[in-house]
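Every number here is computed from the coordinates shown, using simple stated rules; none is lab data. This structure is a prediction, so every number in the text was calculated from the model and none was measured. Positions of Cβ are backbone-derived with ideal geometry, glycine not excepted, and every protein chain shown enters the neighbour counts.
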Amino acid sequence: MQPFNKYYPPDWTPDKGSVNKFVGKHPLGDRARKLDQGVLIVRFELPFNIWCEGCGNHVGKGVRYNAEKKKIGKYFSTPIFSFRMKCHLCDNWIEIHTDPKNAEYSVISGARQKVETWEPEDSEVIKLKDDEEAKKLVDNALYKLEHSVKDEMRSKEALPILTQLQRLNDKQWADPYTHSQRMRKKFREEKKELEAKRLADEEIRDRNALSIPLLPESQEDIVKAQTTEFSDQLLELAQKRKLEITASSIFNKPSSKFKKSKFHIHDPKDKVAQLSVMVAVNTKLKTDPFLKDNDWNLGNHIDGNEKSGENHKDLIIKKRKEDKKQSNDQLTEVLNSENITLDPLLNSKNSKGNLFNFSSIS
């Protein structure tokens, strides 16, 4: 907040003049630092869009600069001012002069004005008379007569179009109550659609923890979503891990070496155990591609005649034994083909529930 009173130094007296003169400062402050050169720093606002010639960037109308204002001449009694400023995007200097003759600004150097002029005929607006034409209409009677004849011809050409527009307007608003009903009905329908879309967008934002507004769906988004494929590597890895657990024995406790990583196994027995698990998993996938995650779903592979005569749980245990025997047979064939020597005592008491006892590996 600025103070309401001025500060008067202790050694100041009225006979020493003004306070600014006493302290050696100008009333305009730093804005008058170049006043000895006839330059005053002012806040200048661009009157139109320009292109900076230094960096090539577009600078919009209304951007403000601290410009150096200087009087460079006169048009009759009206002074002509120069405004010199530095581009805020580069080090290029831009100079703009006032043009009292044409009542506009002109870019002198450092930039070029963006051309945004058009003809009244192109924009379908009424062309206003300039000062020169208005003066000729007053002074020159012959020109005034020619001008009136041209106006009559234009009115005759435009009369059919104006008549059609008037008839169309009268027809559309002959029954304003009906039109009001239609407009209100359309508004209610659009309001319901917008409300439903807003609720759907709100649900998506809440589900995904988004705080940004959602744009309407476009055809490009639909095509991109249909052609995008996501990797299911993690899902396959989790499914493979489940199959490994299902294929392994429930009595076998894997060693700490096997737990850490299958890529850092140095014991040949652990390598054989790893190979047995992999073969068992592949065997189960080959023999039972519809393997279920739940153990009780194994009963789905047993026909109805067996279920009617035995307990459901006993049938599941029986099914497991059959699958285990089939896996052992196929595993034996695979290991024999790889020249791996097996202990002849399969599933003995010393095996502690393992599928095989490997005595050596070649």
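So if I place +1 on the C-beta of Lys and Arg and -1 on the C-beta of Asp and Glu, and nothing else carries charge, what would the dipole magnitude of segment 133-172 be about its Cα centre? I want it in debye, nearest 20.
Working: 8 positive and 7 negative charges, 20 e Å.
So the dipole magnitude of segment 133-172 works out to roughly 100 debye.
Starting from the Cα gyration tensor of segment 116-210, take the square roots of the eigenvalues, sort them a ≥ b ≥ c, and report rounded, prolate or oblate (rounded when a/c is under 1.5, otherwise prolate if a/b is larger than b/c, else oblate).
Working: a/c = 5.95, a/b = 2.20, b/c = 2.70.
Oblate, since a/c reaches 1.5 and b/c is not below a/b.
Taking 7 Å steps out from each Cα toward its Cβ at Asp139 and Tyr177 produces label points 6.3 nm apart. Taking other C-beta atoms within 10 angstrom as a stand-in for reagent exposure, Val42, Val115 fall in the order Val115, Val42, fewest first. A cut-off of 5 Å between modelled amide H atoms, ignoring neighbours fewer than 5 places along the same chain, links Ile80 with Ile72, Gly73, Lys74, Tyr75. Counting beta carbons within 10 Å around each of Asp30, Asp323, Asp99 and listing the fewest first gives the order Asp30, Asp99, Asp323. Here's how it looks for Ala111: its modeled amide H is under 5 Å from those of Glu53, Glu95, which are all 5 or more places away or on a different chain. Modelled spin labels at Glu229 and Leu162, positioned 7 Å past Cα toward Cβ, are 6.9 nm from each other. For segment 212-223, 3J(HN,Hα) computed residue by residue from phi via the Karplus equation (6.51, -1.76, 1.60; θ = phi - 60°) reads 9, x, 8, 7, x, 6, 10, 5, 5, 5, 5, 5 Hz, glycine and proline entered as x.
Please give the FRET efficiency for Tyr8 paired with His88, using the beta carbon to beta carbon distance and R0 = 56 Å, rounded to the nearest 0.05. About 0.90, to the nearest 0.05.
With each label modelled as a point 7 angstrom along the Cα→C-beta vector, the Glu53-Lys321 pair spans 10.0 nm.
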